[in-house]
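The values are calculated or read from the model by the stated rules, or taken from the named source; none is laboratory data. This structure is a prediction, so every number in the text was calculated from the model and none was measured. Positions of Cβ are backbone-derived with ideal geometry, glycine not excepted, and every protein chain shown enters the neighbour counts.
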Amino acid sequence: MGEHETPMPTTKPATIDDTVSAFLRTLSGANKSPATITAYRTDLTQFAGFLAETNCLIVVPADVTRTDVAEFLAYLAERGNSGTTRARKLASIREYVRFLEAQGLVMKNPTLAVQTPKKERGSRTALRLDEYTKLLSLAGANPRDYAILQVFLQTGVRVGELCALTRRDIDFDRRTVHVGHGKGQKARTIELEKKGIQAIRSYLAVRPESLHDELFLNYQGEALGDRGVRKMFAKYLKASGITKKVSPHSLRHTFATYKAERGVSPYVLREWLGHARLDTTQIYVHMARENTKKAMEATSL
């Protein structure tokens, strides 16, 4: 090479860490939620760390094989990760590989022949009449908490939907509540019984003045969040002596199971719950039938 010649630039191959970072930037540019990006970062960082520890031959994404992906899933299973968790992590890897394919960084998809782990059926624990009555009794001295529990039990709303309710969503004349403000959630209007309407009226009578329009506020006068709801529920759960594993979402299951047991149509129940698919609602119908069978056996003549 002569003294006036410019050396050819050398391009360093993009490593897995490089491409994961680029993929996450793409998600950010696509306006994905911070929670979604964090989930992808967690899954892919764990996958990259596993590859670095188990296969020193992997330098670039194209070096990853189907065996590497399958062994990662086996490693997760050995650590006690559920099928649902492993399926989510595989979905993250697949999305990452699609990004690599679009960038021309891999020619063969290492996830194509990998079977998705079977997801466990989610536990749908409902509260008995005596259990949720105890919760209501304990919350009776607190208008806000009592109203929250009543709304949960009477409408079956999700925690996020409850937190997003505004004062305008309550129609006192028609005795209805409009729910479903979250991304991907189905907006719908649900009727409220008199005791539900009265509980909300009692709360509004003592609700602190606030610039926030959300119906339920915390003790600083700000919109009540998911964490605040769960903390409140845990307090009454502990005081009630209920030991089975339940959460605020269990009140949604309580609503759905109770209605299904009393013959509410799956189509009506689907509208109330805001389910996108009828087969999701049918789970409660099947549960109701099982409960009916148990009741018949328990009261055998």
Seminar exercise, completed: Among residues of the stretch 206-231 being over 18 Å from ALA139 (Cβ atoms) and aliphatic (A, V, I, L, M), the residue surrounded by the fewest Cβ atoms within 10 Å (Cβ to Cβ) is LEU211
Exercise. Which condition breaks for LYS231 when tested against (1) closer than 26 Å to ARG270 by Cβ; (2) of a type in the set (Lys, Arg); (3) free of Cβ contacts under 8 Å to residues at least 12 places away in the same chain?
Worked result: (1)
Exercise. Quick one: would you say ALA234 is surrounded by fewer than 18 Cβ atoms within 10 Å (Cβ to Cβ), touching a Leu at 6+ places or on another chain (Cβ under 7 Å) and in a helix (DSSP H, G or I)?
Worked result: no
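Within the group LEU192, LEU138, which residue is at pLDDT 95 or above and touching a Ser or Thr at 6+ places or on another chain (Cβ under 7 Å)?
Of the residues listed, the single one that is at pLDDT 95 or above and touching a Ser or Thr at 6+ places or on another chain (Cβ under 7 Å) is LEU138.
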For this session: Can you tell me which residue among ALA126, ALA205, ALA147 is part of a helix (DSSP H, G or I), closer than 25 Å to LYS244 by Cβ and in contact (Cβ under 8 Å) with a residue 60 or more places away in the chain?
Result: ALA147
Exercise. Which residues, taken from the stretch 60-112, are assigned to a helix (DSSP H, G or I), among the polar types (S, T, N, Q) and at pLDDT below 90?
Worked result: THR84, THR85
Exercise. Residues in the stretch 125-145 that are under 22 Å from LYS259 (Cβ atoms) and surrounded by fewer than 22 Cβ atoms within 10 Å (Cβ to Cβ): how many?
Worked result: 9
For this session: Taking the options TYR219, TYR267, name whichever one is in a helix (DSSP H, G or I) and among the hydroxyl-bearing types (Ser, Thr, Tyr).
Result: TYR267
Problem set entry | Residue that is surrounded by the most Cβ atoms within 10 Å (Cβ to Cβ) [pool: residues in the stretch 1-23 that are in a loop (DSSP other than H, G, I, E, B) and modelled with pLDDT of 50 or more] | ALA14
Exercise. Going by the conditions given, is GLN115 surrounded by 14 or more Cβ atoms within 10 Å (Cβ to Cβ) and either of a type in the set (Val, Ile, Thr) or outside the structural domain of PHE47 (by TED's automatic domain parsing) (or both)?
Worked result: no
